[in-house]
Amino acid sequence: MALTVKFEAENNLFVVHTTGVLVRTEADAIKKQVVAFIKTYGRAKGLIIIDEGFLSIATFVNWDDDEDDEFLQQHVDRLALVGDMKWRDSALLFLLHGFVPFSIHYFKADQEAFARAWLHS
């Protein structure tokens, strides 16, 4: 599995780890879990950690937004990404940085603590 998610209800935070090749079916399954978390606990912040074993995003796949994406765009306050800087531009483009109604910031792989601080500032 390329994606895993853990929830920190006390911080209204979801933490996604990604490794290998990101595929649509796994992304959709994680989004459904995040949507359920938000419906239970309210608006949330997200932390995506691009692990060292991350390879790429599946190509030739329809990545168009769906109803879960629309819900998340309305209920996420901030999103922090942590990973190797070689993924920075691709990740920000994939997540439509600048086109979603919340702040997204990319941090270097060794800056998870800074990312968490930014999320809660």
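The values are calculated or read from the model by the stated rules, or taken from the named source; none is laboratory data. The model shown is predicted, which means the values in this text are computed figures rather than measured ones. Every residue, glycine as well, gets a Cβ built from its backbone with ideal geometry; the counts of neighbours run over all protein chains shown.
For the stretch 1-29, a tally of residues being surrounded by 16 or more Cβ atoms within 10 Å (Cβ to Cβ) and modelled with pLDDT under 90 returns 2.
Within the stretch 105-118, the set of residues being touching a Gly at 6+ places or on another chain (Cβ under 8 Å) and among the aliphatic types (A, V, I, L, M) comprises just one member, 109. Among the residues making up the stretch 99-121, those that are assigned to a loop (DSSP other than H, G, I, E, B) and either in contact with a strand residue (DSSP E or B) (Cβ under 8 Å, 6 or more places away or on another chain) or surrounded by 14 or more Cβ atoms within 10 Å (Cβ to Cβ) (or both) are 100, 102, 109, 111, 120. Is it fair to say residue 88 is assigned to a helix (DSSP H, G or I) and surrounded by 15 or more Cβ atoms within 10 Å (Cβ to Cβ)? Judged against the criteria, residue 88 is a match. Within the stretch 30-59, can you find the residues that are at pLDDT 95 or above, surrounded by fewer than 15 Cβ atoms within 10 Å (Cβ to Cβ) and either touching a Gly at 6+ places or on another chain (Cβ under 6 Å) or of a type in the set (A, V, I, L, M) (or both)? Result: 36, single match.
Cβ-Cβ distances below 9 Å connect the following pairs, each with a first residue in the stretch 8-35 that is more than 22 Å from residue 112 (Cα to Cα) and assigned to a helix (DSSP H, G or I), a second residue that is at pLDDT below 90 and among the polar types (S, T, N, Q), and a separation of six or more residues or different chains: 24/62.
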